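The values are calculated or read from the model by the stated rules, or taken from the named source; none is laboratory data. Fair warning: this is a prediction, and the values are worked out from it, not measured in the lab. Quick reminder, even Gly has a Cβ in these numbers, built from the backbone with ideal geometry, and neighbours come from all protein chains shown.
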Amino acid sequence: MAIARRQLINVESTPYYHCTSRCVRRAFLCGQDDYSGRSYEHRREWVESLLLKLGEAFCIDIVAYAVMSNHYHVILRVNLELADSLTDIEIIDRWAMIYKPNRLMCDYQKGMSVTEEECELIRETLTQWRTTLSNISRFMGYLNERIAREANIEDKCTGRFWEGRFHSQALLDAAALLRCMTYVDLNPVRAGISATPEESEHTSIKHRIDQSHRGTPSVLMDFMVSKNQNQKTKGEVSVHISDSTETLPLSFSEYLELLDWSSRLLREDKRGSVTSSTPDILDRLGYTKKQWTSLLRPTSSWRPKALGSPEAMQVFCKAIGQRWVCQRNNTP
């Protein structure tokens, strides 16, 4: 029996969740379909553009994503602090980016006078909107519904486009978060679509690199900025794994080093063998090279509903009222 979404997503246990959705029809979500001979490559841009737009509208940070041929991955962080700190007008502005506000909320946004009864209704509506804008199910539901509608219109058909509801996986600590980020960013490399991560189109790693080259800010969640970054010597890592709520638990340069090292493990035939200059971040996470390689190449046919240390898993299971969290993994 499926576990209710409100049980699987427990923000008190962790704000980070790895979500995936897979296309149900033989026709590809994106890419070239050899069976029909049609190309759906343009749909990758649909997913990526809408995903980034939702990252600006919702009070949910986008950590990483990868748009594949018939499915996509996205790591999200629920930002309750942001939802609570936004003013009423800012909430309405964000809501208007994806939904059409009613007349009363438009009048309030413009500063027009309202009655006492209308003020009470506005307060109730704003409370509901704050909750909605920090809800992963509403985020994923909006994304999947819009893509399904556009794809059905283009294919001139009706019916289900996605394999039921989206799948979610709780990331309970920094090690689980970084493990999942490398898995998502290296998806095209593992699939043989791209030779290197920086060449992988419609992924968060390429988006971050492109934005960095342009010198423009990204809507994605920021990496940590090391206070002693200018004083570091080659091979020295100043990252400290912590529970920071503002940034990811390491710097962008250190993540690139970790990603590059991991990509060489996954594609030894194209990128060479592991060099002796292994990033010190693995020591910070408490993993050896062999353990990290094993994590990146799971052999089990079961996909856990959460990733983390045994202690963190026990706390999460207790929080959601389950004795264990796991599901059958039918995907390669």
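Yes/no matrix, rows are residues, columns are (1) more than 16 Å from residue 61 (Cα to Cα); (2) of a type outside the set (Lys, Arg); (3) not assigned by TED's automatic domain parsing to the domain that holds residue 49:
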position	(1), (2), (3)
127	yes, yes, yes
138	no, no, no
153	yes, yes, no
160	yes, no, no
170	no, yes, no
209	yes, yes, no
### Query
Tally time: how many residues in segment 146-165 are within 24 Å of residue 220 (Cβ to Cβ) and surrounded by fewer than 21 Cβ atoms within 10 Å (Cβ to Cβ)?
3
### Task
Within segment 15-56, work out how many residues are modelled with pLDDT under 90 and part of a loop (DSSP other than H, G, I, E, B).
16
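To keep it simple, each residue is scored yes or no on (1) under 19 Å from the mean Cα position of the chain (by Cα); (2) aliphatic (A, V, I, L, M); (3) within 26 Å of residue 161 (Cβ to Cβ).
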residue: 59; (1), (2), (3): yes, no, no
residue: 82; (1), (2), (3): yes, yes, no
residue: 93; (1), (2), (3): no, no, no
residue: 105; (1), (2), (3): no, yes, no
residue: 114; (1), (2), (3): no, yes, no
### Task
Please state which one of 207, 167 is in contact with a strand residue (DSSP E or B) (Cβ under 7 Å, 6 or more places away or on another chain) and either closer than 23 Å to residue 17 by Cα or modelled with pLDDT of 80 or more (or both).
167
### Query
Residues of segment 108-130 being in a helix (DSSP H, G or I) and among the charged types (D, E, K, R), which ones?
116, 117, 118, 120, 123, 124, 130
### Query
If you go through segment 73-93 one residue at a time, do you hit one that is closer than 26 Å to residue 151 by Cα and modelled with pLDDT under 95?
no
### Message
Restricting to segment 233-261, count the residues that are assigned to a loop (DSSP other than H, G, I, E, B) and either surrounded by 14 or more Cβ atoms within 10 Å (Cβ to Cβ) or at pLDDT 80 or above (or both).
### Response
8
